[in-house]
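Trainee: Just passing along the structure, written as structure tokens.
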């Protein structure tokens with residue numbers, strides 16, 4: 001049992017999907033898992049375990065930002081023996097060819113966060129995904145007729161930046177989108193020698209100023225959820 005999850009050791013599967021929004025965790029559990037059982041509601045950060053095509057899968061909300069996901073992923077890896085963690089989240093496009101509702105597979109995650117500066121005493125670390133999970137997710141998406149965008153993303157600490165054009169620097173160096181958690185997930189997976197991947201849906205665009213609603217983000221990005229679940233059992 002851990003402080004922020006408070007589940008029993010065998011309540012959580014070896015593979016966990018990680019949406020930031022706890023209501024998205026509930027949506028995935030109710031619409032995709034068979035016989036889902038809620039194992040935590042601490043701080044209303046819901047977690048569920050069920051089966052998907054006969055394989056045991058958990059889904060755990062993580063909240064927004066690196067400090068929040070760090071708490072949940074540390075506890076999942078350290079206290080519950082989770083071996084694979086797949087983030088299912090939203091991101092803002094910073095490239096013209098990456099459009100609303102596109103699927104993005106994050107190869108690696110740059111960041112403006114100070115977390116790894118603290119962790120590595122000022123040195124830089126390059127947080128990257130598991131190649132096996134990436135390859136599986138890519139092949140599954142292509143088999144469904146989807147052409148996912150694969151590349152680097154930016155894990156930002158600031159949702160409301162003091163510099164509204166800051167994204168343009170990351171875009172100039174080829175980053176596809178901005179989100180808020182991937183760099184910490186990939187770093188912790190490296191630390192604990194686990195597998196991790198970020199499967200993202202573009203919910204808004206810095207380039208075109210298009211945006212989806214909060215309800216659409218919670219309920220309608222089902223392609224991302226299906227690809228993540230299929231990847232989890234592959």
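Trainee: Go through segment 1-54 residue by residue and tally those that are part of a strand (DSSP E or B) and either on the phi < 0 side of the Ramachandran plot or buried (at least 20 other Cβ atoms within 10 Å of the Cβ) (or both).
Mentor: So the answer is 16.
Trainee: Please verify whether segment 66-79 includes one or more residues that are in contact with a strand residue (DSSP E or B) (Cβ under 9 Å, 6 or more places away or on another chain) and in a loop (DSSP other than H, G, I, E, B).
Mentor: no
Trainee: Among what's in segment 55-82 and is over 20 Å from residue 3 (Cα atoms) and touching a residue at least 60 places away in the same chain (Cβ under 8 Å), pick the residue that is surrounded by the fewest Cβ atoms within 10 Å (Cβ to Cβ).
Mentor: 55
Trainee: Where the second residue is in a strand (DSSP E or B) and the first is free of Cβ contacts under 8 Å to residues at least 12 places away in the same chain and lies in segment 25-38, which pairs have Cβ atoms under 8 Å and are six or more apart or on separate chains?
Mentor: These pairs meet every condition: 30/36; 38/47; 38/48.
The numbers here are math on the coordinates, done by the rules we state, and not lab data. This one's a predicted model, so the numbers in the text were calculated from it and none came from an experiment. So basically every Cβ, Gly included, is an ideal-geometry build from the backbone, and we count neighbours across all protein chains shown.
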